[in-house]
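> One structure, as structure tokens, below. Some questions next.
The values are calculated or read from the model by the stated rules, or taken from the named source; none is laboratory data. This is a predicted model, so every value here is computed, not measured. Just the protein is used for accessible areas: all its heavy atoms, side chains included, with ligands, DNA and RNA removed. Shrake-Rupley method; radii C 1.70, N 1.55, O 1.52, S 1.80 Å.
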Amino acid sequence: MAAVDLRGLSKAFGLVKVLHDVSVDIGDGEFAVLLGPSGCGKTTLLRLIAGLETLSDGEIRIGDERIDQLQPGQRGIAMVFQSYALYPHMSVRANLAYGLKNIGTPANVIAQRIDQAATILEIEQLLDRKPHQLSGGQRQRVAIGRAITKSPKVFLFDEPLSNLDAALRARTRVEISKLHQQLGATMIFVTHDQVEAMTMASKIVVMNAGRVEQVGPPLEVYRHPATRFVAAFIGTPQMNFVPVNQTSENGGWLQATLKDGARLDTRIATSAGHASPVELGFRPDEVAVDPDGALKIEVEVVERLGDRTLVYAHLSDGTPIIYQDHSDSQVQRGDRVGLRPHLHKLIGFDGSGKALHPELAA
Amino acid sequence: MAKLDPQEPVFSRLSYWLVIALSLCWLIPLFWVLGLSFKPNEELSYGLGTVFRAPYTLDNYSDLIRSSQLGRWILNSVVVSIIQTVLVLIICSIAGYGFARLEFPGRRALFVFVLIGLAIPRQAIIIPLHAMFVDLDLHNTYTGLILPHLGTPFGVFLMASYFRALPRELEEAAALDNASRWKIFLTIALPLSVPAQITLAIFTFLDAWNDYLWPLISATRPEMYTLTIGLAATQTNFDQSEGIGYLMAQAVFAGLPMLILYLIFQKYVLRAVAGAGGR
Ligand SMILES: Nc1ncnc2c1ncn2[C@@H]1O[C@H](COP(=O)(O)OP(=O)(O)O)[C@@H](O)[C@H]1O
Ligand SMILES: [Mg+2]
């Protein structure tokens with residue numbers, strides 16, 4: 001059993017607190033992605049799990065064992081560094097063997113493990129090279145290979161794809177997902193790229209400024225963002241946010257009045273007793289073009305992508321709006337268009353950024 | 001270095017000729033010494049101009065090998081320089097790594113304390129050192145010649161800076177690979193610090209080979225002289241020496257080990273002196 005249990009982790013460097021009370025449960029065999037903007041503390045969290053930094057507060061368990069006081073090597077984890085951190089003076093084979101040698105693994109077992117890892121990653125022909133004789137993609141494979149040979153309980157990846165070009169990144173994404181299925185190990189993968197998170201994760205942990213904003217499966221995080229930060233961070237193009245001037249009730253549902261006086265009906269219950277929203281959000285594909293729609297926009301830029309059209313526009317008060325139209329759309333720069341957001345998709349956000357979700361459509 | 005290329009701007013051609021002129025300034029005296037060393041002493045006593053015509057002889061060299069202790073002095077210099085270099089490398093690597101990577105109370109203060117050593121000239125401590133070595137009865141021994149130069153703040157500083165500049169992640173990866181601190185030092189940090197080791201080795205060896213003041217005080221018996229002291233002793237007794245050709249042969253002989261070392265380590269010496277030290 002290699003579930004990873006993070007309980008109330010805090011970390012400060014001197015007086016600067018970079019992690020605040022982070023608690024996450026990661027199940028055995030799960031692929032968890034730590035997602036957040038640069039500097040939010042993802043690497044620090046990973047290094048805490050690895051034992052490369054000491055906790056200021058909190059507890060880390062793997063399976064039933066508390067590991068936060070153990071030496072890095074004794075935690076049953078392997079880490080793939082962002083820089084790969086291959087030992088430059090050793091051959092690929094020696095890189096893969098180093099960890100096993102250090103725990104006194106017999107030579108024949110080491111050779112066997114290296115063969116296995118090399119086969120899985122298709123790096124057999126690279127084993128006698130030095131790291132500087134490898135391309136970026138090959139180095140990355142070797143770094144993963146070094147992790148695999150140790151057969152750890154938990155794999156930690158720190159933005160391993162960020163140094164690869166776009167095509168290779170897409171391919172490697174698929175390969176790491178395959179590897180996860182093949183090995184069935186628990187993996188914790190750090191990235192600031194939401195596409196990586198959405199495509200690979202079984203669980204996404206969205207982080208912001210040292211705090212966990214939301215934990216959940218990709219679609220859940222996408223459809224039911226817990227906060228405005230999550231709503232804005234996940235999804236391309238970004239969710240639209242429209243400022244709300246006033247709220248009222250309309251048949252038990254919240255009705256919002258915008259700055260230009262337009263009224264938007266929602267399916268957010270007023271009875272729930274929560275604070276009233278200061279903003280409404282909807283995704284670019286969750287609107288209909290409708291001359292009678294409440295949102296009156298002026299088109300600025302039209303991007304024809306072939307399968308669909310992205311329209312960049314703004315409200316009369318300047319609020320930017322992006323929406324998605326079908327591929328044959330005739331919309332032009334300067335057009336005035338009416339938009340009607342899908343009633344059941346409009347999400348409210350209160351002053352603290354907390355999301356107010358609509359009732360599900362009947 | 002670049003070959004002479006007529007396409008290149010005037011400046012680089014100019015510097016090319018400048019380099020040639022400068023190296024001649026250094027080479028002419030060397031060839032002068034070499035030439036004199038092959039002349040019979042009697043002839044040289046008529047004037048040094050005789051160097052340009054025959055006869056030439058190897059007598060000075062054969063006299064040298066037969067009559068002086070030069071061989072012994074060179075051996076002393078080699079032993080002292082090599083042992084000192086090896087020990088300095090070991091001590092400075094370990095100390096430098098400690099300052100670069102280990103967390104211990106008082107680390108900063110201790111490092112500053114070591115660096116203050118840079119500001120203390122060797123000459124300033126030579127009298128107490130002499131007294132101490134008399135008490136310990138270490139004069140006229142290899143230990144006596146080597147020991148005072150083993151604490152080298154410069155070496156500690158150099159190695160500490162170099163270790164500090166190595167990517168920390170390599171050592172962290174090794175820690176995750178179950179390597180102990182000592183093992184990380186030996187199998188990761190040390191092999192990666194070879195360029196700095198070479199720089200330090202060259203400086204230390206040159207320093208030991210050329211050292212004059214301390215051996216002058218510590219080695220008082222001719223069989224414990226290092227080369228520098230031995231040569232100086234012969235030359236101050238010029239009246240009794242067998243003449244200038246003989247002296248020049250001595251100088252050639254003395255310079256030979258350095259020349260050979262330089263030819264072998266040319267690349268590294270250039271790098272060390274240029275202060276690159278790195279990749
Ligand atoms: N060793 C350290 N000392 C001081 N501050 C640090 C250290 N490591 C990271 N930080 C700070 O902690 C914050 C989070 O860093 P990091 O975990 O690397 O973010 P991320 O990986 O999400 O980009 C940053 O503001 C960074 O400056
Ligand atoms: Mg990072």
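> Give me P(r) over the protein assembly as shown, computed from all C-alpha to C-alpha distances, binned every 10 Å, as integer percentages.
Taking all Cα pairs of the protein assembly as shown, the binned fractions are 3, 11, 15, 15, 14, 12, 11, 7, 5, 4, 2, 1, 0 percent.
> Right, here's the next one. If you build a Gaussian network model of chain B, linking Cα atoms that sit under 10 Å apart, which residue out of B:Pro195, B:Pro215, B:Pro121 swings the most?
Maximum among the listed residues: B:Pro121.
> Got the relative contact order for chain B handy, in percent, Cα pairs under 8 Å and 6 or more residues apart?
On the way: 253 pairs, mean separation 84.4, N = 279.
Relative contact order comes out at 30 percent.
> For chains A and B, what's the summed buried accessible area, probe 1.4 Å, to the nearest 100 square angstrom?
Values: alone 17070 and 16920 Å², together 32350 Å².
Buried area (both sides, nearest 100 Å²): 1600 Å².
> For the stretch A:240-356, what class follows from the C-alpha gyration tensor (a ≥ b ≥ c being the square roots of its eigenvalues): rounded when a/c is under 1.5, otherwise prolate if a/b is larger than b/c, else oblate?
prolate
> Please state the shape class of chain A: rounded when a/c is under 1.5, otherwise prolate if a/b exceeds b/c and oblate if not, all from the C-alpha gyration tensor.
Verdict is prolate for chain A.
> Which residues, if any, in the stretch A:46-87 have at least 50 Å² less accessible area in the whole protein complex than in the isolated chain, probe 1.4 Å?
Those are A:Gly73, A:Phe81, A:Tyr87, which lose 50 Å² or more relative to the chain on its own.
> So how compact is the stretch B:129-205: Cα radius of gyration and Dmax in angstrom?
17.5, 51
> Let me ask you something else. Counting alpha carbon pairs within less than 8 Å and at least 6 residues apart, what relative contact order, in whole percent, applies to chain A?
Details: 741 pairs, mean separation 55.0, N = 362.
This gives 15 percent for chain A.
> What does the convex hull of the alpha-carbon atoms of chain B project to on average, in nm²?
Values: hull surface 86.0 nm².
Convex hull of Cα atoms, orientation-averaged projection: 21.5 nm².
> Another one. Measuring from centroid to centroid over Cα atoms, what is the spacing of the stretch A:314-341 and the stretch B:167-206 in Å?
Here the answer is 61 Å between Cα centres.
> OK, next. To the nearest 10 Å², what's A:Asp158's accessible area with a 1.4 Å probe?
10
> Expressed in nm to one decimal, what extension gain is obtained for the pair A:Asp307 and A:Ser276 from 0.36 nm per residue of sequence separation less their Cα-Cα distance?
Gain in length upon complete extension: 7.4 nm.
> For helix B:10-37, what angle does its Cα long axis make with the longest principal axis of chain B, in degrees from 0 to 90 and rounded to 10?
That helix lies at roughly 60 degrees to the long axis.
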